[in-house]
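To start, the structure itself, in structure tokens.
The values are calculated or read from the model by the stated rules, or taken from the named source; none is laboratory data. In this text the structure is predicted, and so the values were computed from the model without any measurement. When we count neighbours, we look across all protein chains shown, and the Cβ atoms used for this are built from the backbone with ideal geometry, even at glycine. Accessible surface is based on the protein model in full, side chains and every heavy atom, while ligands, DNA and RNA are left aside. Shrake-Rupley method; radii C 1.70, N 1.55, O 1.52, S 1.80 Å.
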Amino acid sequence: MTRSFAPSLPVEFPKMGSFRRPRPRFMSSPALSDLPRFQAARQALQLSSNSAWNSVQTAVINVFKGGGLQSNELYTLNENIRRLLKSELGSFITDYFQNQLLAKGLLFAEEKIKLCEGENRMEVLAEVWDHFFTETLPTLQAIFYPVQGQELTIRQISLLGFRDLVLLKVKLDDLLLLAQPQLPSSIVQMLLILQPGATPGPGPRS
């Protein structure tokens, strides 16, 4: 009796020394390409739940809303930042300031300007810039004074943020046409500092 066999497929065996046991992958584990983003999100969560950072965050938002610092509050904030800089979250402070606090704070300024129309908008922009440059910016520099040695200072990050998150969103070209031929001196100052290609002055180191 003759038996029929199915044709066998060629089987390739790994060469000696090349066999590797497949590593298990779990759905909850981030891919290697996602690790920087995963770590950044984890650090953001840790930072937002840190009581020392919460005091800094509250103070910064209050400053953007037009408030000031209480007596001895600056010393406490500086000490909180110094402690954070010594922790694993220290390297993330500048990024969090730029991407979270600054963006949220400057949103108040943008909304205030957009509530006005025509020539009034230019007047409000001048007022917002004056307050930002003479009050908000120096206070931010004072709060983050312990943050040293970054590629960009807190001052430079804040000025670039004002340019990108406020000035470029309020249709400046139209405002300049309405304000011709005489521009408020504060607007001239703002344009000189924030014009494309200009490097915001370092000011006091922070």
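Taking S91 as meeting all but one of (1) of a type in the set (G, A, S); (2) at pLDDT 90 or above; (3) open to solvent by 30 Å² or more (accessible area, probe 1.4 Å), write down the number of the exception.
(2)
For segment 128-180, give me each residue that is of a type in the set (D, E) and exposed (fewer than 15 other Cβ atoms within 10 Å of the Cβ).
Our first condition is that a residue be of a type in the set (D, E); within segment 128-180, this holds for 130, 135, 151, 164, 173-174.
Residues satisfying the conditions are E135, E151, D164, D173, D174.
Taking helices (runs of 4 or more DSSP H) that do not extend beyond segment 25-86, which have at least 2 residues that are at pLDDT 65 or above, within 19 Å of the chain's Cα centre (by Cα) and not β-branched (V, I, T)?
Output list reads 51-64, 73-85.
Give the residue, chosen from Q98, Q57, that is touching a residue at least 60 places away in the same chain (Cβ under 8 Å), of a type outside the set (V, I, T) and open to solvent by 30 Å² or more (accessible area, probe 1.4 Å).
Answer to the selection: Q98.
Scan segment 101-134 residue by residue and report those that are free of Cβ contacts under 8 Å to residues at least 24 places away in the same chain and under 30 Å from R83 (Cα atoms).
Answer for segment 101-134, where residues must be free of Cβ contacts under 8 Å to residues at least 24 places away in the same chain and under 30 Å from R83 (Cα atoms): just T134.
If you scan segment 84-126, which residues turn out to be of a type in the set (V, I, T) and within 30 Å of G149 (Cβ to Cβ)?
Within segment 84-126, I93, T94 meet the criteria.
Output the residues belonging to segment 74-95 that are within 18 Å of Q141 (Cβ to Cβ) and either in contact (Cβ under 8 Å) with a residue 24 or more places away in the chain or touching a Ser or Thr at 6+ places or on another chain (Cβ under 9 Å) (or both).
Within segment 74-95, L74, T76, L77, N78, N80, I81, R82, L84, L85, I93, T94, D95 qualify.
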